[in-house]
1. Nearest 10 degrees, 0 to 90: what angle lies between the long axis of helix 133-153 and the longest principal axis of the chain (Cα atoms)?
2. Rounded to the nearest 10 degrees, what's the angle between the helix 159-186 long axis and the longest principal axis of the chain, both from Cα atoms, 0 to 90?
3. Can you work out the PRE-style zone for MET150? Point 7 Å along Cα to Cβ, and I want the residues of segment 100-121 with backbone N under 20 Å.
4. Between THR103, THR146, THR180, where does the largest GNM mean-square fluctuation fall for the chain, given springs only between Cα atoms within less than 10 Å?
5. Name the residues whose placed amide hydrogens come within less than 5 Å of the amide hydrogen of ARG128, ignoring near sequence neighbours (fewer than 5 apart) on the same chain.
6. Ranking request for peptides 113-119, 44-50: highest mean number of other beta-carbon atoms within 10 Å first, then the rest in descending order.
7. State the label only: which of (1) 1.28; (2) 1.02; (3) 1.15 corresponds to Cα Rg over 2.2 N^0.38 Å computed from the shown model?
8. Of ASP17, ASP107, ASP27, which has the largest mean-square fluctuation in a 10 Å C-alpha GNM of the chain?
Amino acid sequence: MKDVHKSDTSGFRRDHDDLLFDPRARDAMARFAGEEDTLALEAAAAVRTAVHAIERMRSHGAEGRGLSAGALDILIRLSAAVDDGISIGELAQSAGVSSRNVTGLVDTLERDGLVRRVPDRNDRRSVRAQITPAGLEWIEAFRRPTQVAMAAIFRGFTPAELTQLRHLCLRLADNHHRLTEHLNRTGANPQA
């Protein structure tokens, strides 16, 4: 594509359709792909760039509070399940990470007094993670700065654009899930 239109302070440019692209990513992907089309590679790079920007903005409100993005995500999920808490497996599945990862995050949150482990009412062998009153206070103090930050980062997006963005991101996640299941079923090596 021909690089036309203006550049902005982010280093992004606009193409002939007035759509943003990252010339650095485009150049790197073109060198990487050789003669192949780079559009999917550029899209993946743009998703990573967007995720990093959102996480930086989201974590800005958590600065000085000592929570990683992963711990923050788990705490927010637990704040929606105040009564009985959530099992580690359910937390891992909803967050799209391993149970081992969630166990470490819950350990950290428990050490900080924001989460506690409670017995599962239906299975004595199991425990559930539950947010504490201090965790609820933490979430409440974090809520408004987060809402302001997300409103700022998504400024200018219409509700329809946000809905489409959500849809496209979840399509990516769904494709990943399906591909992972296929690779696990077939024992295929994606590197081969």
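1. Result, in degrees: 10.
2. 80
3. none
4. It is THR180.
5. Excluding prolines and chain starts, which carry no amide H, the hits are VAL118, ASP120.
6. Ranked by mean Cβ neighbours within 10 Å, highest first: 113-119, 44-50.
7. (1)
8. ASP17
Laboratory data are not the source of any read-out in this text; all were calculated from the coordinates shown. All values derive from a computational prediction rather than experimental measurement. Reconstructed Cβ throughout: ideal geometry from the backbone, glycine too, with neighbour counts over all protein chains shown.
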